[in-house]
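One structure is given here, and the rest of the page talks about it.
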Ligand code: F6P
């Protein structure tokens, strides 16, 4: 049978949608740029959904992205599409007669996705957003996930973009704390982000030369921390830097939570507690600070821009190959795709026997779990 020639204009041009969800993170714009440029090179159309999944329901929040929209954005922090970490369509909060009511918008979102003729939804997000994406996949939306989080806590990818920038910002902050801690002979306790894992605190703490690093994976005993500090004074090193991951907790204790302006609870408060206790146990002058959202802002580092760009380009390749419901990931220095279901299964915690924890211990850094000798 003679081969039938398919005219180029008969091949359906793909229309893909792109959304950023959850907390922002340096490198999001580099992914957006890579997806748009990659897709345009295939002759496809790309539409950006603004302010998370719910944006699909609003005509003015679905905008066509052309080359000019993504020109010169790879080095910019934030996301040109906007984002929210309160935009779960399955449990969406709306105000009705002054009261907050939870509604399920998921089916409306799926219907709208298909009405608009989209072929895939590139979802750039962390564990929360990717879990929502997985539920949307069950409703039939073909998802290509791109892992983003400064926390670096997604198990199936060696690293997520945003992490390197956050660690760099935190390390610079610790460097600055050294000067003031030394001048005033103080203990400075700095609280870093990371959610329930200690990657940012561990990496920045080691790179910044902290004396004590408290991470969620190793519950701490303040007596061990106090001994480390007193030992420094005994050796005439009359200052100390304590890095505390926001998720760190005392042995047998709970995570520290604070109430945000919205009335919702979030991790926070460990540094203030630790500083007070250190002062009580050592009588050394102590100050605490929370580095907070500075870790999420600013220009992505070179390595985050590169990783974000590789992820974005790989997402387009995955669509081109007909893959769906997968997430791009970095494994053994290669970008691969993993089933979305698998991608959201596990949180990546700091392994206690990892060489990085061993290196810190070898250097005499305290994790607040050392026995009294
Ligand atoms: O997951 C990223 C992260 O920055 C965490 O490290 C932190 O716990 C949380 O988001 C803060 O969220 P919000 O932007 O709601 O304060």
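The values are calculated or read from the model by the stated rules, or taken from the named source; none is laboratory data. Owing to the predicted nature of the structure, the values given are computational and were not obtained by experimental measurement. Ideal geometry is used to build each Cβ from the backbone, glycine not excepted, and the neighbour counts take in all protein chains shown.
Quick notes
- Search result, residues across the stretch 293-326 that are within 16 Å of the ligand (Cβ to nearest atom) and out of contact with any strand residue (DSSP E or B) (no Cβ under 8 Å at 6 or more places or on another chain): 293, 294, 296, 297, 298
- Residues in the stretch 315-336 that are surrounded by 18 or more Cβ atoms within 10 Å (Cβ to Cβ) and under 19 Å from the mean Cα position of the chain (by Cα): 315, 326, 327, 328, 329, 330.
- The set of residues in the stretch 213-228 being in a helix (DSSP H, G or I) and surrounded by fewer than 24 Cβ atoms within 10 Å (Cβ to Cβ) consists of 222, 223, 224, 226, 227, 228.
- Condition check for residue 209 on (1) over 15 Å from residue 295 (Cα atoms); (2) within 16 Å of the ligand (Cβ to nearest atom): one failure, at (2).
- Residue identified as in contact with a helix residue (DSSP H, G or I) (Cβ under 6 Å, 6 or more places away or on another chain), part of a helix (DSSP H, G or I) and under 25 Å from residue 170 (Cα atoms) among 305, 310: 305
- Considering (1) in a helix (DSSP H, G or I); (2) farther than 21 Å from residue 82 by Cα; (3) touching a strand residue (DSSP E or B) at 6+ places or on another chain (Cβ under 6 Å), the lone condition that residue 284 does not fulfil carries the number (1).
- Residue list for the stretch 62-86, restricted to those being over 25 Å from residue 307 (Cβ atoms) and buried (at least 17 other Cβ atoms within 10 Å of the Cβ): 62
- Residue list for the stretch 330-373, filter: outside any loop (DSSP other than H, G, I, E, B) and farther than 22 Å from residue 205 by Cβ: 330, 331, 334, 335, 336, 337, 338, 339, 340, 341, 342, 343
- For the stretch 162-212, the tally of residues that are in contact with a helix residue (DSSP H, G or I) (Cβ under 9 Å, 6 or more places away or on another chain), part of a helix (DSSP H, G or I) and in contact (Cβ under 8 Å) with a residue 40 or more places away in the chain stands at 18.
- Unmet requirement for residue 349, which otherwise passes all of (1) under 21 Å from residue 249 (Cβ atoms); (2) buried (at least 21 other Cβ atoms within 10 Å of the Cβ): (2)
- Residues of the stretch 306-331 satisfying the condition of being free of Cβ contacts under 8 Å to residues at least 12 places away in the same chain and at positive phi: 322
- Qualifying residue in the stretch 61-78 (condition: more than 14 Å from residue 121 (Cβ to Cβ) and modelled with pLDDT under 95): no
- Test: residue in the stretch 252-266 that is assigned to a loop (DSSP other than H, G, I, E, B), surrounded by 20 or more Cβ atoms within 10 Å (Cβ to Cβ) and touching a residue at least 40 places away in the same chain (Cβ under 8 Å): no
- Candidates in the stretch 132-154 are the residues that are closer than 23 Å to residue 293 by Cβ and more than 13 Å from the ligand (Cβ to nearest atom); of these, the one that is surrounded by the fewest Cβ atoms within 10 Å (Cβ to Cβ) is 132.
- The stretch 233-249, residues that are surrounded by 19 or more Cβ atoms within 10 Å (Cβ to Cβ) and either touching a strand residue (DSSP E or B) at 6+ places or on another chain (Cβ under 6 Å) or not in a loop (DSSP other than H, G, I, E, B) (or both): 240, 241, 242, 243, 244, 245, 246, 247, 248
- Which listed residue, of 263, 252, is more than 20 Å from the chain's Cα centre (by Cα), within 13 Å of the ligand (Cβ to nearest atom) and farther than 23 Å from residue 150 by Cα: 263
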